[in-house]
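Working notes for the structure below.
The values are calculated or read from the model by the stated rules, or taken from the named source; none is laboratory data. All figures in this text were calculated on a predicted structure; none of them were measured in a lab. As a convention, Cβ positions derive from the backbone with ideal geometry for all residues, glycine included, and neighbour counts pool all protein chains shown.
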Amino acid sequence: MKILLAGYNIDRDLIEQLKRGETVDEGALTPETISAAYARISRNPADVNILREKSRAAVEKARKSNEQIVFGLGHASVAEHACFNFDVIGVSRLAIEYLEHFRLASYTEKSQRYIKIEDDGLIPEEFSDEPFRGEFLTLVKEQNAFYRRAFEEIEKALLKNGDCAKDASLKAREDARYALPLAIRGQLGMTVNGRTLENMIQKLQAAPLAEVREMGRQLFARCGKLVPSLVKYTEPDSYHLNQGKLINALPSVSGNGKQAAGQGAVALLTHSPNPDNSILTTLIFNKLPLSFEDAGEAVREMTVKQKKELFLELFRDMNSYHSVSRVFENTEFTFEIMLSATAFAQLKRHRMGTLLIQPYLTELGVTIPETMVAAGVETAYFDLVRKVNRVYSRLAEKNTDAAPYCLTNGHRRRVIFKLNARELYHFVRLRADEHAQWDIRSIAAEVMALVKEVAPFTFMLASGKHEFQETKKQVFLNE
Ligand SMILES: Cc1cc2nc3c(=O)[nH]c(=O)nc-3n(C[C@H](O)[C@H](O)[C@H](O)COP(=O)(O)OP(=O)(O)OC[C@H]3O[C@@H](n4cnc5c(N)ncnc54)[C@H](O)[C@@H]3O)c2cc1C
C-alpha cells in the first residue's frame with residue numbers, strides 16, 4: 001500500500017509570490033492560514049483578504065487560533081476549508097469499502113469493469129501465518145486462474161454470438177470479475193477536507209483489519225505535520241474501539257433466512273406516509289404562507305386530477321440533467337437490498353443516503369452473470385464458490401473480520417438503503433440507465449418499480465437517463 005499526498009490548498013497570494021520568485025516562509029505553505037482567516041470572519045470586521053494576509057504573516061498564531069476555535073469552541077466546520085488530495089495505491093477492494101464509507105469526501109476509483117485485472121491480490125496480515133497463508137494463497141491463485149479462463153470463454157462466446165471485439169472484451173472483463181476475491185488491489189484518488197480527514201483517520205485506525213488501520217496511519221503520516229492545528233485528535237478511543245464488541249450485547253436470535261417482503265433483491269421497508277401528498281404538502285408549505293398542517297389540509301381537499309396537474313407543473317420544464325425540486329427531500333424511502341459485492345461497490349458511492357451494511361454472508365449465495373452461464377463456465381464457477389466458502393469458514397475461525405478477503409465479487413450481503421425522493425431520482429437516472437452495469441441496473445429497476453407503486457405521481461418521470469425524453473413524452477401525451 002502506498003498513500004501519497006497529491007495536493008492541498010494554500011493561499012493564492014503565496015502562489016503568486018512563488019511565481020514571482022520571491023522567498024516564502026515554508027511554514028506558511030499550509031491550508032491552516034486560510035482556515036484561520038475564515039474562522040476570524042465571524043468576530044473581526046476586516047475584509048477577508050486582510051484576515052488572510054494576517055494569517056500568512058503569523059502562522060503560529062493562526063495555528064493557535066485554529067486549535068482554540070476548532071477544538072476549544074467546537075466550531076469544527078472551520079477545518080473544512082483545508083482540502084487535500086490523496087493518491088491511494090495498492091489497497092484491497094475490502095479495505096476500499098472501509099475508506100469509501102465516509103460520505104463527505106470524493107473518490108474516483110480504478111474500475112474492474114473497464115480494466116483487466118493482472119494483480120493476484122494481497123495476503124492479509126491476519127493470515128500471514130501457516131497454515132492460513134498457504135490456504136489463502138492457493139485459493140486466490142485459483143480464483144485468479146478462473147477469472148482468466150472465464151474472461152477467455154465469455155469473450156469467445158460473445159464473439160461467436162456476433163458481438164464486436166471491443167464489446168466482447170468489455171463484457172468479458174465486466175463479468176469474469178465476479179470470481180475475483182475482495183483481496184484484489186485497487187487504486188483511487190481521494191479529495192477530502194480536514195474535518196472529515198480527522199474523523200476518517202480516527203475511525204480507520206480503530207478498524208478490525210490491519211490493512212485499514214495502516215491506511216489510517218499513512219493518511220495521518222502524510223498530513224499530520226502539515227496541518228497540526230486541524231487534524232489533531234486521530235487516536236481512536238474506547239468509543240470507537242468498542243463498537244465491534246456491541247455484538248456480544250445482542251440477544252441470541254436466529255432468523256428464518258427469508259428476505260423481507262418483496263419478490264426480488266429489493267424490499268421497500270418503510271416510506272413517508274402517502275408520499276404524493278407529502279411532496280405536494282411540502283411544495284405548498286414552501287410557496288405559500290401556511291403552516292404545514294394547513295398545507296396538508298389543502299392537499300387533502302384536492303382531487304386526484306388536481307394533484308396530477310400540480311405534479312405536471314413541477315416537471316414541465318425539467319430535463320434529464322435537472323435535479324427535481326428540493327421539496328422532494330421531505331419524503332423518504334427505506335429499502336432492504338440483498339446484493340453482490342460488485343453491486344455494493346457501486347451502491348456505496350451514493351453518498352446522500354443512509355447505507356447500513358451487514359457482513360457478507362455465504363448463506364446468501366452468489367450472483368452469477370448470465371454471460372458465464374452462456375459461456376459454459378457456470379458449473380466451474382459454482383465449484384469455485386463452494387471451495388471459497390469452505391476456505392472462508394476455516395479463515396473465519398481465525399478471524400471473522402478478515403475472512404471476507406477471500407470472498408468473491410459475486411458473494412452477497414444485505415444492506416439498508418434510505419434516501420429521499422430527490423436522491424432516488426438521481427440514483428435511478430444514473431443506475432437504471434443503459435450505461436449502468438447490469439447488476440446495479442437491475443437493483444435500480446426494482447427500486448423504481450417499488451416506489452412508482454406507492455408514489456405514482458412523484459416518480460412519474462423517474463427513469464434511466466436514456467429513457468428520460470420518452471418517459472416525459474408519454475407523461476405529457478394525454479395532458
Ligand atoms: C456508468 C457509470 C460508470 C461509473 N464509473 C466509475 C468509475 O470508473 N470509477 C469511479 O470511481 N466511479 C464510477 N462511477 C461512480 C460515479 O462517479 C459516482 O461516484 C456515483 O455514481 C455516485 O453518484 P454521484 O457522485 O452523482 O452522487 P451521490 O453521491 O449519489 O450524491 C448525489 C448528488 O449530491 C451531490 N453531491 C454529493 N456529494 C458531493 C460533493 N462532494 N460535491 C458536490 N456535489 C456533491 C451531487 O449533485 C450528486 O449528484 C460510475 C457511475 C456510473 C453511473
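Just a few scattered comments:
- Cβ pairs under 7 Å, 6+ apart, first in the range 333-349 and within 26 Å of Gln187 (Cα to Cα), second β-branched (Val, Ile, Thr) and within 12 Å of the ligand (Cβ to nearest atom): Ala343/Ile440; Gln346/Ile440; Leu347/Ile440
- Here the condition is being of a type outside the set (Gly, Ala, Ser), buried (at least 17 other Cβ atoms within 10 Å of the Cβ) and either at positive phi or out of contact with any Lys or Arg (no Cβ under 7 Å at 6 or more places or on another chain) (or both); of Thr408, Thr371, it holds for Thr408 alone.
- Comparison of Ala157, Ala168, Ala172 shows that the only residue that is among the small types (Gly, Ala, Ser), in contact (Cβ under 8 Å) with a residue 40 or more places away in the chain, assigned to a helix (DSSP H, G or I) and closer than 18 Å to Tyr114 by Cβ is Ala172.
- Qualifying positions in the range 143-154 - among the polar types (S, T, N, Q) and free of Cβ contacts under 8 Å to residues at least 40 places away in the same chain: Asn144
- Some residue of the range 316-339 being surrounded by 14 or more Cβ atoms within 10 Å (Cβ to Cβ), at pLDDT 95 or above and more than 22 Å from Ala449 (Cα to Cα): no
- Residues in the range 429-450 that are surrounded by 23 or more Cβ atoms within 10 Å (Cβ to Cβ), away from the ligand (no atom under 11 Å from the Cβ) and over 30 Å from Ser393 (Cβ atoms): 1 in all.
- Members of the range 176-215 found to be within 24 Å of Cys406 (Cα to Cα) and under 18 Å from the mean Cα position of the chain (by Cα), listed by number: Leu182, Arg185, Gly186, Gln187, Leu188, Lys203, Leu204, Ala207, Val212, Met215
- If you go through the range 306-342 and keep only what is in a loop (DSSP other than H, G, I, E, B) and not β-branched (Val, Ile, Thr), you end up with Arg316, Asp317, Met318, Asn319, Ser320, Tyr321, His322, Ser323, Ser325.
- Taken over the range 263-296, residues that are assigned to a loop (DSSP other than H, G, I, E, B) and of a type in the set (Val, Ile, Thr) amount to 0.
- Here the helices (runs of 4 or more DSSP H) wholly within the range 343-461 that include at least 2 residues being of a type in the set (Val, Ile, Thr) and over 30 Å from Ala157 (Cα atoms) are 438-454.
- In the range 469-479, the count of residues that are farther than 21 Å from Phe344 by Cα and part of a loop (DSSP other than H, G, I, E, B) is one or more.
- Residue list for the range 394-428, restricted to those being more than 9 Å from the ligand (Cβ to nearest atom) and either at pLDDT below 95 or out of contact with any helix residue (DSSP H, G or I) (no Cβ under 9 Å at 6 or more places or on another chain) (or both): Thr400, Ile416, Lys418
- Odd one out for Val366, checked against (1) surrounded by 21 or more Cβ atoms within 10 Å (Cβ to Cβ); (2) under 28 Å from Glu423 (Cα atoms): (2)
- Taking the range 40-71 as the range and being in contact with a Leu (Cβ under 9 Å, 6 or more places away or on another chain) and free of Cβ contacts under 8 Å to residues at least 40 places away in the same chain as the test, the residues that pass are Arg40, Ile41, Asn44.
- Those residues of the range 256-289 which are more than 30 Å from His411 (Cα to Cα), surrounded by 15 or more Cβ atoms within 10 Å (Cβ to Cβ) and either of a type in the set (A, V, I, L, M, F, W, C) or modelled with pLDDT under 95 (or both), in sequence order: Ile279, Leu280, Leu283, Ile284, Phe285
- Among the residues of the range 82-138, just one is away from the ligand (no atom under 12 Å from the Cβ), in a loop (DSSP other than H, G, I, E, B) and under 19 Å from the mean Cα position of the chain (by Cα), namely His101.
- Criterion (in contact with a strand residue (DSSP E or B) (Cβ under 6 Å, 6 or more places away or on another chain) and among the aliphatic types (A, V, I, L, M)) met by exactly one of Leu159, Leu188, Leu139: Leu188
- Annotation: of all residues in the range 22-39 being surrounded by fewer than 16 Cβ atoms within 10 Å (Cβ to Cβ) and in contact (Cβ under 8 Å) with a residue 24 or more places away in the chain, the one that is nearest to the chain's Cα centre (by Cα) is Gly27.
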